[in-house]
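A.B. asks: Below you'll find the structure I mean.
The values are calculated or read from the model by the stated rules, or taken from the named source; none is laboratory data. Quick caveat: nothing in here was measured; it's all calculated off a predicted structure. Using ideal geometry, Cβ is built from the backbone for each residue, glycine included, and neighbour counts are taken over all protein chains shown.
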Amino acid sequence: MKRKRLLVAGVLMNAVLLGACMGSDDGTSVTEDAHSSAEPPSNDHTEDTSETETNFGQEPTEEAGLTLDMEQDILTPSSLAVLANKQYSLEEDYAPEDLVTVEVPTVLEDPEIKQMRKEAADALKDMFDAAEKDGITLFARSGYRSYQTQVSLFQNYVSNHGEEAANKYSARPGQSEHQTGLAMDVTSESVNYQLTEEFGNTPEGEWVRENAHRYGFIIRYPKGKEAITGYIFEPWHLRYLGGELAAEVHESGLTYEEYLAKKGLDIEIAE
Ligand SMILES: [Zn+2]
């Protein structure tokens, strides 16, 4: 299957600050998510832009490792390594074939968003169980979202807040990692089960940051990397990559896009 490559040239800072989870899981989340993403950009964004250029200008340096197969994998929607962002858009007809309902505490009732792909759902349960043993109670808020769900969310956002705001705060259909079935937004009682940047400063958020990779997940949208990932800092958005790859990306300290580029893959990024 050939995936659409959407080259976004000259992305404005406003467009860069789109939230991957925005307008995401239910009607009420629009306000909370918009709030979390409406905070003004911090000063380090400018700094990070130049950092981006430097990183992506580097020659591939090291270990062949996963490289050869990965070029195909990142373009294959059903691959655990699939790259889904504003440049690499998922097709309308893609839906994972192995979705299951996650067996962890959830916040919302919508059955669709309680789902992940089987391997990711199992890993999520392992992670939640391990957290519990450390006295950390996590909640899953929003997992799989179909292309059509994202269409509705985006259109609702346009209706309620206008197109400009929708472009700013709501992911366009095909550009949400949630469509892969490999993403889960997690939260905690300490932030009233919301998706908010504050989560990153809670014991639960810190636990996730330090341990998610052990279970195959990465924090997909780290702080200060908005210009690269195309999304605001989302300490709650976990992406399943599988144990080996997640550990490598975590170890690298890079975003997934930067990691792939360092592996020698010629990927398009926002400019
Ligand atoms: Zn998310």
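A.B. asks: Hand me the list of helices (runs of 4 or more DSSP H) wholly inside region 132-217 holding 1 or more residues that are surrounded by fewer than 24 Cβ atoms within 10 Å (Cβ to Cβ) and acidic (D, E).
C.D. replies: Answer list for region 132-217: 163-169, 203-211.
A.B. asks: Hey, another quick one. State whether the residues of region 219-232 include one that is in contact with a Gly (Cβ under 7 Å, 6 or more places away or on another chain), within 13 Å of the ligand (Cβ to nearest atom) and part of a helix (DSSP H, G or I).
C.D. replies: No, the conditions are met nowhere in region 219-232.
A.B. asks: Would you please list the contacts, defined by Cβ atoms under 9 Å and residues six or more apart or on different chains, that run from a residue in region 95-113 that is of a type in the set (A, V, I, L, M) to a residue that is at pLDDT below 95?
C.D. replies: Going by the 9 Å Cβ cut-off, the qualifying pairs are V107/D25; L108/D25; L108/D26; L108/S29; I113/S24; I113/D25; I113/D26.
A.B. asks: From T196, T202, grab the single residue that is of a type in the set (V, I, T) and within 16 Å of the ligand (Cβ to nearest atom).
C.D. replies: Result: T196 is the single residue among T196, T202 that is of a type in the set (V, I, T) and within 16 Å of the ligand (Cβ to nearest atom).
A.B. asks: Restricting attention to region 156-176, does a residue exist that is at pLDDT 95 or above, within 16 Å of the ligand (Cβ to nearest atom) and charged (D, E, K, R)?
C.D. replies: There is no residue in region 156-176 that is at pLDDT 95 or above, within 16 Å of the ligand (Cβ to nearest atom) and charged (D, E, K, R).
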